[in-house]
Amino acid sequence: MAAKSKSNLASSVFWSLLTFACLALACYAALFVAPEEKTMGVIQRIFYFHVPSFWTAFLAIFTTTYGSVAYIATKKMKWDWIAVSAAELAAAFLTIGLVTGPIWAKPVWGVWWAWDARTTSTFVLWAMYVSYLLLRTLVDEPERRALLSAVVAIFSCIDVPLVYFSIWMYRTQHPQPVIGDGGYLDPRMGKVLLECWGALVALFLLLLRERYRLEKMRSEVDGLRMEVERRGL
Amino acid sequence: MSLARATGLILAKELRIELRSRALLSTTFVFVLLVLVLFSFTFDPTATEARRFGPGLLWLALLFAGSLMLQPTFVREQANDTLSALRMAPIEPFAVLLGKLAANAVYLFLVELILLPIFAGLYNLSILPVLGRLLLVMFLGTVGLATTGTVFSAVTAQARLRELLLPVLLLPILAPVLIGSSEATVGLFSDQPYLDTTWVVFLTAFDVVFLTAAWLFGEYLFEE
């Protein structure tokens with residue numbers, strides 16, 4: 001037992017150091033390697049974390065949905081642990097994206113929040129995953145919680161394309177200031193963007209692994225506590 | 001027993017319970033009416049503004065009402081543990097969900113039917129020329145609201161703080177229904193009334209997608 005926890009700790013430290021090295025490299029690349037954007041200047045560099053954090057959030061949402069479907073199919077608790085760990089990370093990465101967005105938007109567009117289709121849809125997405133996490137805090141029995149939240153996670157995931165389509169349609173029918181019309185991306189910028197995404201995916205995997213172990217431990221402790229109560233020790 | 005017959009029986013049971021007291025219908029009606037009147041205090045709508053914003057306010061009021069009135073759907077079965085009896089009945093579990101869903105859609109639709117003339121009067125809109133198309137939009141939006149609402153009320157019935165939790169879970173999921181139905185309704189109240197087929201198709205798609213999801217995953221909600 002002691003040897004196992006020691007090797008767990010060692011591997012945690014190893015993977016953490018590796019992830020932080022990736023993140024440091026990504027920061028360096030975003031700040032110094034990527035060329036400066038002509039019109040927006042230095043503030044545009046937030047893009048290298050703003051965009052990849054959404055991509056990572058989508059990866060987390062996919063993981064939550066996969067875990068939820070797998071839980072319903074197999075009724076094995078490990079899938080619920082994966083689902084909740086990924087859902088927390090989805091909420092975290094969506095929050096990073098939604099906070100870095102206004103920091104970028106204010107100097108460039110002149111407003112913190114432009115009500116454009118993508119931002120608004122992402123906010124609705126964020127609300128869905130936060131309410132999923134709220135639901136989990138309000139159901140006590142583990143199996144019941146796993147089942148109910150799996151159904152909610154699946155319904156939320158099905159809703160994602162509908163939310164994006166409806167808000168996009170709504171926005172195209174109502175005139176909007178033209179902002180961020182895509183355009184040309186310098187190949188060096190593209191490379192740095194992918195590097196930053198790689199670093200965030202590494203962070204996602206590291207946190208997913210640690211959070212999963214925490215959830216597993218939590219369930220073991222709960223099991224022991226119930227055993228103690230049952231035997232009246 | 002076939003799915004249709006079982007669903008019909010559950011629907012009849014739900015409607016019979018409601019018709020004995022009519023508590024849910026009358027309370028919801030008063031709630032939506034209050035919200036519609038209170039909305040007009042926050043801005044003093046001109047004729048154009050009423051046409052532009054009225055439909056959105058109506059749908060927002062209905063969404064709020066739905067997230068409150070769908071709450072008792074499953075909680076009602078807990079007092080005498082009648083859900084266990086339904087579970088033991090020799091019918092598909094989906095029939096229970098579908099029957100309750102249909103009952104909720106009927107309640108909401110009844111409330112809307114009574115409210116529409118009052119809403120038209122309050123916001124000075126003419127509904128008669130577009131009545132058929134308006135009812136179609138109302139129907140599609142209501143089915144979407146009742147489907148997700150009934151499934152989520154089965155979820156929250158087993159949680160704490162359920163009165164608050166149901167709206168929190170339901171409102172983000174229903175954002176597409178709010179947009180689709182209020183946009184379609186705005187079109188019907190514009191100078192040259194038209195029915196935007198994109199939104200009709202979209203609302204139909206929403207209903208079909210979530211009815212299918214309820215059919216696939218709904219039964220897990222009643223498992224012991």
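Data for the structure
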{"quantity": "Any hit, the stretch B:161-168, residues being facing chain A (nearest Cβ under 9 Å) and either more than 23 Å from B:Y107 (Cβ to Cβ) or part of a loop (DSSP other than H, G, I, E, B) (or both)", "calculated": "yes"}
{"quantity": "Some residue of the stretch B:117-131 being out of contact with any Lys or Arg (no Cβ under 9 Å at 6 or more places or on another chain), buried (at least 21 other Cβ atoms within 10 Å of the Cβ) and either touching a residue at least 60 places away in the same chain (Cβ under 8 Å) or away from chain A (no Cβ under 14 Å) (or both)", "calculated": "no"}
{"quantity": "Test for B:N124: is it within 24 Å of B:D191 (Cα to Cα) and at pLDDT 85 or above", "calculated": "yes"}
{"quantity": "Options B:L221, B:L211, B:L188: the member that is aliphatic (A, V, I, L, M) and modelled with pLDDT of 95 or more", "calculated": "B:L211"}
{"quantity": "Condition met for B:G218 (part of a helix (DSSP H, G or I) and within 22 Å of A:L133 (Cα to Cα))", "calculated": "yes"}
{"quantity": "Condition met for B:V186 (within 9 Å of chain A (Cβ to nearest Cβ), farther than 12 Å from B:Q71 by Cβ, in a helix (DSSP H, G or I) and not polar (S, T, N, Q))", "calculated": "no"}
{"quantity": "Among (1) surrounded by fewer than 23 Cβ atoms within 10 Å (Cβ to Cβ); (2) facing another protein chain (nearest Cβ under 8 Å); (3) β-branched (V, I, T); (4) in contact (Cβ under 8 Å) with a residue 24 or more places away in the chain, the one test that B:T148 misses", "calculated": "(1)"}
{"quantity": "Cβ pairs under 9 Å, 6+ apart, first in the stretch A:132-149 and farther than 18 Å from B:G218 by Cβ and within 9 Å of chain B (Cβ to nearest Cβ), second buried (at least 22 other Cβ atoms within 10 Å of the Cβ) and of a type in the set (K, R)", "calculated": "none"}
{"quantity": "Residues of the stretch B:172-183 that turn out to be at the interface with chain A (Cβ under 8 Å from one of its Cβ atoms), in contact (Cβ under 8 Å) with a residue 12 or more places away in the chain and either surrounded by fewer than 23 Cβ atoms within 10 Å (Cβ to Cβ) or not in a helix (DSSP H, G or I) (or both), as a count", "calculated": "0"}
{"quantity": "Matching residues, the stretch A:111-131, being among the aromatic types (F, W, Y) and either surrounded by 21 or more Cβ atoms within 10 Å (Cβ to Cβ) or within 10 Å of another protein chain (Cβ to nearest Cβ) (or both)", "calculated": "A:F123, A:W126, A:Y129"}
{"quantity": "Residue in the stretch B:17-26 that is surrounded by fewer than 16 Cβ atoms within 10 Å (Cβ to Cβ), closer than 23 Å to B:L113 by Cα and among the basic types (K, R) present", "calculated": "yes"}
{"quantity": "Residue among B:V137, B:V208 that alone is farther than 27 Å from A:V130 by Cβ, more than 8 Å from every other protein chain (Cβ to nearest Cβ), surrounded by fewer than 21 Cβ atoms within 10 Å (Cβ to Cβ) and under 17 Å from the mean Cα position of the chain (by Cα)", "calculated": "B:V208"}
{"quantity": "Selection from the stretch B:39-85 of residues that are without any contact (Cβ under 8 Å) to a residue 12 or more places away in the chain, hydrophobic (A, V, I, L, M, F, W, C) and not in a loop (DSSP other than H, G, I, E, B)", "calculated": "B:F41, B:F53, B:A85"}
{"quantity": "Residue in the stretch A:166-187 that is within 14 Å of chain B (Cβ to nearest Cβ), touching a helix residue (DSSP H, G or I) at 6+ places or on another chain (Cβ under 7 Å), of a type in the set (A, V, I, L, M) and touching a residue at least 12 places away in the same chain (Cβ under 8 Å) present", "calculated": "yes"}
{"quantity": "Given (1) in contact with a Pro (Cβ under 9 Å, 6 or more places away or on another chain); (2) touching a residue at least 40 places away in the same chain (Cβ under 8 Å), index of the condition A:W126 fails", "calculated": "(2)"}
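Residue-wise test of (1) crowded, with 19+ Cβ neighbours inside 10 Å; (2) among the small types (G, A, S).
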residue	(1), (2)
A:L89	yes, no
A:L94	yes, no
A:T100	no, no
A:W109	no, no
A:A150	yes, yes
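Yes/no per residue for (1) modelled with pLDDT of 95 or more; (2) closer than 21 Å to A:S219 by Cβ; (3) in contact with a helix residue (DSSP H, G or I) (Cβ under 8 Å, 6 or more places away or on another chain):
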{"position": "A:F49", "(1), (2), (3)": "no, no, yes"}
{"position": "A:F54", "(1), (2), (3)": "no, no, yes"}
{"position": "A:I61", "(1), (2), (3)": "yes, no, yes"}
{"position": "A:G67", "(1), (2), (3)": "yes, yes, yes"}
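The values are calculated or read from the model by the stated rules, or taken from the named source; none is laboratory data. All of these numbers come straight from a predicted model, not from anything done at the bench. Virtual Cβ from ideal backbone geometry, glycine too; neighbours counted across all protein chains shown.
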